[in-house]
Amino acid sequence: KFRINLQELFEDYAWQRFSARRNIISRIFSRRSKYYIDIRWGFIEFKHETTRFEERPDAVDNTPAQVSVSGESGAREKPKISRDVVLYKSDYENKTPLNQEYTFSSTRQTTNSTTVEFQESYTKGGECNIEISVPGDLVTVGAGLSGELSVTKTESETFETTTSWTVDTKVGVKRGHRAEAQVHVSERNSVADFEVKTTMKITDGKELPIAIRRLSDDKVVHVVVVPDLLDVFYDLVQKNQNVTKSEYIDKSRKTPRKRHNVILYTRGTCKSISWKNQHVEVHSERIASYSCSDDDSLKGED
């Protein structure tokens, strides 16, 4: 897995700049452990664009035999693969000479989940701030009305909701028969590969201040000013294909100024489990041992 820690990157850059301006003796007695570095992240804008979100066609290759096609995917127009799952069942036997009606009632719960896992990403210290746009209805948990997943954990994050399924209906069982009533729901599993393009830029008209503070008294001993993000990312842009740059003109000042955006790519998988389409099925059969000699209407029934 590849991961860029932006916090460390900016801290190292600021410390190198701070050390470079001091003489050799000062550097010897300036231990980094005695300072902390305060990065003003509010001066940097992050824009996220989902450039790829593709569902794997073989995502449910371990589905049992009862596979059904339950509709079309709004994003890719591929069939959604789902499997029928029995949530609850109940057996009834009617050994009386009359048809009987029973109450079939139950409540069960299922958990819908979405898990995002990163293979390539960036972090800001101990957290990650990535927004993933989810097309269509491929993901039912975590995306909300906006259709975006906001992921803050650095390696993986799971979103969960619980759905209650309630049934309260009548089951008719003929005389001399047994019946099994079942509550079914459709379970759908999907796996999608995604890519998010994150564009970083310093707010127009601003420069990024990074303060170096002494731990003992919180005093600012130096401020490193970053006018262009490429100053910090130069080595990564040269060596790493996940980090690129683009040039733009900041026209917010009287004199327009050339600056650079830095572009980071986050890649990973999105795994989703969802449940829907509740329905009740009733199967009945004649009780082999059943007999009622005094009920002529039963004779020749089968």
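Things to note:
- Pairwise label distance in nanometres, SER156 with PHE46, each label 7 Å out on the Cα-Cβ vector: 2.1 nm
- Full extension of the chain between THR103 and ASP38 yields a length gain of 16.7 nm, computed as 0.36 nm times the residue separation minus the alpha carbon distance.
- For the stretch 174-244: rounded, prolate or oblate by the Cα gyration tensor [a/c cutoff 1.5]: prolate
- A Förster distance of 51 Å, applied to the separation of the beta-carbon atoms of ASN240 and ASN277, puts the FRET efficiency at 0.65.
- Each peptide among 120-132, 275-287 gets the average number of other Cβ atoms lying within 10 Å of its residues, and from highest to lowest they stand as 120-132, 275-287.
- The slack between LYS95 and ALA20, meaning 0.36 nm per residue of separation minus the straight C-alpha distance, is 17.6 nm.
- Restraint check, LYS197/LYS258; LYS1/LYS245; LYS206/LYS254; LYS34/LYS219; LYS153/LYS276; LYS124/LYS239, Cα-Cα greater than 19 Å: LYS197/LYS258; LYS1/LYS245; LYS153/LYS276; LYS124/LYS239
- Computed from the C-beta positions of ARG214 and ARG267 and an R0 of 51 Å, the FRET efficiency is 0.80 to the nearest 0.05.
- For the peptides 6-16, 230-240, residues were scored by their other Cβ atoms within 10 Å and the scores averaged per peptide; the highest-first order is 6-16, 230-240.
- Using the Cβ-Cβ distance between LYS206 and ASN129 with R0 set to 22 Å, the FRET efficiency from 1/(1 + (r/R0)^6) comes to roughly 0.65.
Here, each number is a calculation from the coordinates, and none is a lab measurement. What you see is a predicted model; the values in this text were computed from it and never measured. Using ideal geometry, Cβ is built from the backbone for each residue, glycine included, and neighbour counts are taken over all protein chains shown.
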